[in-house]
Each structure stands twice: as structure tokens, then as C-alpha cells.
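Below: the structure, in C-alpha cells.
The values are calculated or read from the model by the stated rules, or taken from the named source; none is laboratory data. For clarity, every value in this text was computed on a predicted model and none was experimentally measured. Here the Cβ positions follow ideal geometry from the backbone for every residue, glycine too, while neighbour counts run over all protein chains shown.
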Amino acid sequence: MREITINKNDCGQRLDKFLTKFMPLLPKSMLYKGLRKNCVRINGKHVKDGGVFLNEGDILKLYFNDEFFGGGKKFIPISHRLDIVYEDENLIIVNKPSGISVHTDDKSEKRTLIAEIQSYLYEKGEYDPESEQSFAPALCNRLDKNTSGLIIAAKNAEALRIINEKIKNREIRKFYLCVAEGHMKKSGTLSAYLTRLDKKVSVSDTPSDGAKPVKLKYTVIGENEKHSLVEVELLTGRTHQIRAQFAHIGHPLAGDVKYGGSRSHSYQELISRRLVFDFKSDAGILNYMTGSDFSIPAEFSETFSSTN
């Protein structure tokens, strides 16, 4: 039997979600069987419903075999080289370079952006894996390995919940800058349907089973002989959305070989350039971020002339 007290970073989540993180070796079938057989108590009362939400200070007694406790990956700090754009007690915003994955992928990369952020916070004394039961600093948005730009990470569970909700509700506006092949209509809105495949996505003008609607706005802000410099605001957020939608209309991103771009660049010319915290509703501990606007330069934009 284990007895634990729910802390600030554990509360506000479902019991079953917490137990899945706290006992990573416990199969889900055994978790729900254990709930049915009164293996979980909260504040002295048996709980069978995995959907109940935990409160700070709740005392859990867990009657599972010792073999299911622990067994998670041990945290090993690594060196970091973060380009920090903004940081406070709740959030950190970094400029991710091209060529680094945000999370561990099927190649089991150790040097990922989240590993660097967690190591940085560990070094600062703001993250202690040994004292956390279910939480670790986490990314709120993602970028492809070869896409650079702004990424938000949350230092605590409450900030993570709020930012995820604001992103879902489109209360954080995300702007990208990219180089598209050819010359385009000066501005417009692209709407389509995106289907995830094994290693990439496909885009269609008509809906189909499993396809998700995608939408973005764009403005051409510069041109040279063969390319257009384009600012994009995402109205939905799907994997490879910008890359696939621009390829779909015949203007793949420069360097994006996967979606039909030329090999003239070592990676796709795409950067998450600007984040606007456009909160329309209460943001709790992050209300102070309302109206915040962060942007970074894009080196590849310097060779383009304005279309104005």
C-alpha cells in the first residue's frame, strides 16, 4: 500500500489520469479492475469512479502490488543551449532552432527541446523530479523538427492547463513566416481537409472519413525572382498544415522536399515568428499575459523586397 498527498501540480486532473502517470507500469485494465475492487481510497473513502477530479491536499491510499509503483524513466539532466525570449514563474518562451525535435521520437533522440528546458529548470532549482508525483514542465505547442521559432512551455500544471485551453479556443494567435515557391495572389484564406498518413499528411478540397478541416490566412509581404515571402496566421492547428496547404495550391515551401519543394535549401523556410496572447476570457494566474506580443526576426526574410 502507498499513501500519497495530492500537491498543487497534481490537483485538477482526473483520478485515472493521475494514476496512469503515477503508476506507469500498471496496465489500464488492472487500473480499472483495481478501482472496481476498492483498491483506491481518497480521504478514507473507497472510490470506484476514475473520472473524479483530485483536489490539493487529498490523501490517496493505493492498494496495488509494489511492482507497479515507480519504474518510470529516471530524469537525467543534459546540457542546454536555449534561446530564451521570455520567462516568468509560470511560463518560458523559447526560440527553437531548426534541426532539434521537440519531443523524443521513434529514433529515441535524447537531445530534445523539452529535455533541454527541463534540464535548464532543474539547474535553476525550479524543477525537482523527485518531489513531483505526476507533473513535469511541458510544451504547450509543437513545431516540426526542421521548423524554427517560438514555443511556449509551462512550468506548472495550472499554467499548462490554461495555455492549452487558450490555444484550443484560439485566444493565442500564432503567426508564421515562410518562403513559398513562385508568386501568389497577394492575400487570401486557404480552407481544406487534412488527413494524417504514416510520415506525412494529405490535403483535399473535399471532406472524407478521418479528414480534419484546416484553415489559415496569408499575406505576401515580399517577393524575389522565384519566391514569395509570406506571413501566415493559423486559424486551425494541424500537423504539417502550412507545408501541406501551400503545396496543395502549387506553392510548396522552399526546401520542403517532403511536400514537393526544391532542394535549394537544407530545410523548409518556415518559422513560428510571432505569438499574441489575445485572451478573451479569464486566464486565472496568467491574466497578466493578456495583450502580450512576442516576435523574433527571420534571417531568410532579409533578401526579399516589399510588395508594397
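Can you pull out the residues in segment 97-128 that are of a type in the set (Ser, Thr, Tyr), modelled with pLDDT of 85 or more and either outside the structural domain of Asp83 (by TED's automatic domain parsing) or outside any helix (DSSP H, G or I) (or both)? Before the answer, list the steps.
Narrowing segment 97-128 to residues of a type in the set (Ser, Thr, Tyr): 98, 101, 104, 108, 112, 119-120, 122, 127.
Still in the list and also modelled with pLDDT of 85 or more: 98, 101, 112, 119-120, 122, 127.
Once the filter is applied, which keeps residues that are of a type in the set (Ser, Thr, Tyr), modelled with pLDDT of 85 or more and either outside the structural domain of Asp83 (by TED's automatic domain parsing) or outside any helix (DSSP H, G or I) (or both), segment 97-128 yields Ser98, Ser101, Thr112, Tyr127.
Could you pull out the residue among Asn156, Asn146 that is at pLDDT 95 or above, over 14 Å from the mean Cα position of the chain (by Cα) and assigned by TED's automatic domain parsing to the domain that holds Leu121?
One residue alone meets the criteria, Asn156.
Using the structure shown, decide if Asp16 is in contact (Cβ under 8 Å) with a residue 24 or more places away in the chain, out of contact with any Pro (no Cβ under 9 Å at 6 or more places or on another chain) and either in the same structural domain as Glu130 (by TED's automatic domain parsing) or not polar (S, T, N, Q) (or both).
Numbers: in contact (Cβ under 8 Å) with a residue 24 or more places away in the chain: yes; out of contact with any Pro (no Cβ under 9 Å at 6 or more places or on another chain): yes; either in the same structural domain as Glu130 (by TED's automatic domain parsing) or not polar (S, T, N, Q) (or both): yes.
Yes; evaluated as a whole, the condition is true for this residue.
Could you tell me whether any residue of segment 106-124 is in contact with an Asp or Glu (Cβ under 7 Å, 6 or more places away or on another chain) and surrounded by 13 or more Cβ atoms within 10 Å (Cβ to Cβ)?
No, segment 106-124 has no match at all.
When only residues in segment 260-302 that are modelled with pLDDT under 95 and farther than 19 Å from Gly149 by Cα count, which is surrounded by the most Cβ atoms within 10 Å (Cβ to Cβ)?
Filtering segment 260-302 for residues that are modelled with pLDDT under 95 and farther than 19 Å from Gly149 by Cα, the one surrounded by the most Cβ atoms within 10 Å (Cβ to Cβ) comes out as Gly261.
Among the residues of segment 143-159 satisfying the criterion of being in a loop (DSSP other than H, G, I, E, B) and in contact with a helix residue (DSSP H, G or I) (Cβ under 9 Å, 6 or more places away or on another chain), which is nearest to Ala298 (Cα to Cα)?
Thr147
Return the residues of segment 289-302 that are under 22 Å from Val179 (Cβ atoms) and in a helix (DSSP H, G or I); say none if nothing qualifies.
Glu299, Phe300, Ser301, Glu302
Mind checking which pairs have a first residue in segment 168-180 that is under 19 Å from Leu270 (Cβ atoms) and a second that is surrounded by fewer than 18 Cβ atoms within 10 Å (Cβ to Cβ) and small (Gly, Ala, Ser), Cβ under 9 Å, 6 or more apart or different chains?
Short answer, once both residue conditions are applied: Lys174/Gly237; Phe175/Ser295; Leu177/Ser301; Val179/Ser301.
Tell me which of these Lys199 doesn't satisfy, since it passes every other one: (1) modelled with pLDDT of 95 or more; (2) under 18 Å from Tyr259 (Cβ atoms).
(1)
Can you confirm whether Phe75 is closer than 29 Å to Ile162 by Cα and surrounded by 13 or more Cβ atoms within 10 Å (Cβ to Cβ)?
Yes: the conditions hold for Phe75.
Filter segment 75-94 down to the residues that are without any contact (Cβ under 8 Å) to a residue 60 or more places away in the chain and out of contact with any helix residue (DSSP H, G or I) (no Cβ under 8 Å at 6 or more places or on another chain), then identify the one that is farthest from Asp16 (Cα to Cα).
Asp83
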